[in-house]
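First comes the structure, then the notes that go with it.
The values are calculated or read from the model by the stated rules, or taken from the named source; none is laboratory data. Nothing here was measured: the structure is a model prediction, and the numbers come from that model. Every residue, glycine as well, gets a Cβ built from its backbone with ideal geometry; the counts of neighbours run over all protein chains shown. Ligands, DNA and RNA are excluded from the accessible area calculation, which covers all protein heavy atoms including side chains. Shrake-Rupley method; radii C 1.70, N 1.55, O 1.52, S 1.80 Å.
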Amino acid sequence: MQRINFEEELDKIVSRDPRFEREAYHFVRAGLDHTQKISGKAPKDELRHVSGQQLLIGIREYALREFGPMAITVLEDWGITRCQDFGDIVFNMIEAGLLAKTDKDSRADFQTGYDFQDAFRKPFLPAAKCPPTPAPSA
């Protein structure tokens, strides 16, 4: 079986879909690794599958840890401005054979993610600049 060369396939993806920088693909791959680690152990010799929603949460956590208050700026520089962009990157990688999916996975999994301002800016705003969080209903 011929092994896929990640960098060569990435060249093809970026030439076909230039919306996202190469670094965005490397970041999503690292974010997937991070998400798989925090999702728990998979049985020996088996990859841990994560859903689109789990991946979005893991990517957010990974971006905040790696880039802190610069996360949104870095992502925007790579062409990523919304959760659907992560889905497009993931599915570009799936179509190139760099990632696998199940029958339940779809691009739609990434449409109901988070607002980028809330996810990547709000954690670093002073408390006085953040709108109050509503109290839970009793």
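Data for the structure
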item: Pair list, Cβ < 8 Å and 6+ apart or interchain, from the range 97-122 residues that are farther than 12 Å from Gly87 by Cβ and among the hydroxyl-bearing types (Ser, Thr, Tyr) to residues that are in a helix (DSSP H, G or I) and open to solvent by less than 40 Å² (accessible area, probe 1.4 Å); result: Tyr114/Leu56; Tyr114/Cys83
item: Flag if Arg65 is closer than 24 Å to Asn5 by Cβ and modelled with pLDDT of 95 or more; result: no
item: Candidates Gly68, Gly79, Gly87, filtered to the one that is touching a residue at least 12 places away in the same chain (Cβ under 8 Å) and over 19 Å from Glu21 (Cβ atoms); result: Gly68
item: Selected residue (criterion: modelled with the lowest pLDDT) from residues of the range 6-54 that are β-branched (Val, Ile, Thr) and open to solvent by less than 30 Å² (accessible area, probe 1.4 Å); result: Val50
item: Residue list for the range 1-40, restricted to those being more than 16 Å from the chain's Cα centre (by Cα), of a type outside the set (Val, Ile, Thr) and assigned to a loop (DSSP other than H, G, I, E, B); result: Met1, Gln2, Arg3, Asn5, Asp17, Pro18, Gly40
item: Subset tally (residues that are over 19 Å from Asp77 (Cβ atoms), open to solvent by 70 Å² or more (accessible area, probe 1.4 Å) and in a helix (DSSP H, G or I)) for the range 107-121; result: 2
item: Qualifying residue in the range 119-134 (condition: at pLDDT 95 or above and either under 15 Å from Arg19 (Cβ atoms) or not basic (Lys, Arg) (or both)); result: yes
item: Number of positions in the range 70-106 that are crowded, with 17+ Cβ neighbours inside 10 Å and not in a loop (DSSP other than H, G, I, E, B); result: 14
